[in-house]
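In what follows, a structure is listed as structure tokens, so that the remarks can point back to it.
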Amino acid sequence: MTPAPPDTSISTLGPCLIPSPVHRIGGVEAPFKEDAVDRILYHSHVLEDGRDSSTPSYEEAGPREKIYFDPPKTTVGIVTCGGLCPGLNDIIRGIVNRCHKQYGVARVYGFRYGYEGLVQRFGHTPLLLKPSSVEQAHHFGGTLLGSSRGKQDIGEMVDTLEDMKVDILFVIGGDGTLRGAAEIVKEIERRGLKKAVVGIPKTIDNDIRYLDKSFGFETAFDAAVQAVNCAYIEATGAVNGVGLVKLMGRDSGFIACYAALAGSNVDFVLVPEVPFELEGEGGLLEVLRQKLMKRGSAVIVVAEGAGQHLMQTGDDTDASGNKRYGDIGLFLKDRINAFFKQRKTEVNLKYIDPSYIVRSVPANAQDNVYCSRLAQNAVHAAMAGKTNMLVGRWHNSYIHLPLELVIHGRRKVDPTQELWHSVLECTGQPAVMK
């Protein structure tokens with residue numbers, strides 16, 4: 001399990017002296033938060049085994065009575081990085097609306113094509129965003145700003161922030177993007193500038209540590225369930241039918257697990273956290289053969305990062321510095337077909353890879369709400385001068401989380417905990433396939 005964070009303190013640019021314009025919302029006094037008073041405990045329950053019951057706590061997100069930035073003099077920037085994810089446009093829309101409508105911020109710029117848009121020599125002209133320009137954005141998948149992968153020169157990016165007099169930068173992305181945000185903060189501090197950097201965690205893999213979930217995850221596995229159901233129909237409609245579905249999940253198998261639990265018609269779930277073998281009496285191929293003998297069909301859901309030890313993948317990396325993984329879906333398809341052909345047994349395998357469909361759909365209603373609240377709380381934090389942090393949800397409360405806590409590891413499926421045990425119960429697959 002993820003260990004308790006050693007330090008949850010949030011950096012701030014300085015004293016907040018300006019009365020917030022968010023005093024009354026629709027005639028109701030705003031629920032202002034105090035850093036030292038309104039905190040969310042890390043543990044959801046009191047320890048009862050004799051250990052010290054003291055526990056770390058997070059700042060609770062929300063509007064502050066006094067803010068750091070003077071809204072009419074404040075310029076905001078937004079950037080979206082990495083792969084696409086449901087809800088990106090919802091976040092952009094939420095930030096723009098909160099900045100303009102609630103705080104009266106002077107200018108909001110959208111930097112195009114990820115961190116490339118912060119490097120002027122690429123020539124990506126920033127968009128001036130207003131509520132009217134994002135009014136319908138949440139109805140569409142993807143990001144209206146565009147995205148990209150890969151590292152950029154930190155100094156050049158901060159030069160752009162200085163040249164455009166950007167006071168607040170909202171960074172929307174996954175672990176690699178957030179590592180970049182932390183480097184931007186270091187360069188800003190080195191130059192002695194007063195600029196806030198606030199992250200909003202984006203990854204459909206749901207692998208950001210110390211958070212309940214990242215936005216877009218519910219929409220992603222909802223879309224993945226449709227693919228799994230199609231695989232089940234294909235498998236049961238043929239002699240010795242096998243439906244094989246590859247889902248996203250480089251290092252964390254949450255989408256595969258939840259899609260299998262939601263569909264309740266999956267026989268095998270293969271995730272990066274649980275090694276498996278193909279050959280031998282207890283290997284996947286033999287266990288699959290036995291399943292087909294008993295039932296006549298089977299559905300396999302595999303996360304993209306599973307079974308990498310079975311393939312010769314080399315040491316190549318992508319633009320973000322991540323190791324290039326072998327295609328486990330096509331690999332399994334070929335090995336399963338070859339296994340049954342060698343035994344002169346008919347098998348009808350249908351392979352489905354919905355990866356780009358899953359990540360490109362518009363956010364569903366649950367993620368609409370989640371993205372809206374993340375955006376609201378990100379703006380509240382930034383206007384109060386908070387920096388080097390991200391907003392997220394923990395125990396159903398919105399919190400401020402230091403960037404340093406999330407950039408040195410990923411949240412993973414724990415094979416000893418309840419989620420994986422639920423998967424084993426639902427599928428009936430062996431706990432070990434070796």
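Would you mind checking the pairs LYS101/LYS151; LYS213/LYS323; LYS341/LYS412; LYS101/LYS186 and listing those with alpha carbons more than 27 angstrom apart? Long pairs (Cα-Cα over 27 Å): LYS101/LYS151; LYS341/LYS412; LYS101/LYS186.
Taking all Cα pairs closer than 8 Å and separated by 6 or more residues, the relative contact order of the stretch 86-245 comes to 19 percent. Springs join every pair of Cα atoms under 10 Å in this Gaussian network model of the chain, and among ARG112, ARG335, ARG393 the largest mean-square fluctuation is at ARG335.
Phi angles across the stretch 234-250 convert, under the Karplus curve 6.51 cos²θ - 1.76 cosθ + 1.60 with θ = phi - 60°, into 3J(HN,Hα) values of 4, 5, 6, x, 9, 5, 6, x, 10, x, 10, 10, 9, 10, 5, x, 5 Hz, Gly and Pro given as x.
For the stretch 199-282, which GluC sites (Glu not before Pro) are both in a DSSP coil and crowded by at most 11 other Cβ atoms within 10 Å?
Values: sites: GLU218, GLU234, GLU273, GLU277, GLU279, GLU281; in loops: GLU273, GLU277, GLU279, GLU281.
Passing sites in the stretch 199-282 are GLU281.
For the stretch 217-356, the share of DSSP beta bridges that are antiparallel, to the nearest 5, is 5%.
Taking the number of other C-beta atoms within 10 Å as the exposure measure, put MET383, MET164, MET433 in order starting with the fewest.
Working: MET383 31, MET164 16, MET433 20.
Placing the least packed residue first, the sequence is MET164, MET433, MET383.
With Cα atoms as the point set, the stretch 139-198 shows a radius of gyration and Dmax of 12.4, 41 Å.
Axis of helix 175-190 versus longest Cα principal axis of the chain: the two differ by about 30°, to the nearest ten degrees. Sorted from greatest to least, the principal axis extents spanned by the alpha carbons of the stretch 217-356 come out as 44, 33, 22 Å. Amide H contacts of LEU41: TYR58, each under 5 Å away and 5 or more positions distant or on a separate chain (H built 1.01 Å from N in the peptide plane; Pro and chain starts excluded).
For the peptides 70-78, 241-249, what is the packing order when you average, over each peptide's residues, the other Cβ atoms within 10 Å and list the highest mean first? Provide the component values of the computation, followed by the final result.
Numbers: 70-78: 19.6, 241-249: 27.0.
Output ranking for 70-78, 241-249: 241-249, 70-78.
For the chain, the antiparallel share of DSSP beta bridges with both residues in that region comes to about 35%. Its relative contact order, with pairs defined as Cα atoms under 8 Å and 6+ residues apart, puts the chain at 23 percent.
Charged neighbours of ILE10, selected by a Cβ distance under 14 Å, balance to -3 (K, R count +1; D, E count -1).
Fewest neighbouring Cβ atoms within 10 Å first, the residues CYS16, CYS85, CYS230 line up as CYS230, CYS16, CYS85. In this structure the amide hydrogen of ARG411, modeled in the peptide plane, comes within under 5 Å of the amide hydrogens of ILE208, ARG209, none closer than 5 places in sequence on its chain.
Here, each number is a calculation from the coordinates, and none is a lab measurement. The structure presented is a predicted model; accordingly, all values stated were derived computationally and were not measured. Positions of Cβ are backbone-derived with ideal geometry, glycine not excepted, and every protein chain shown enters the neighbour counts.
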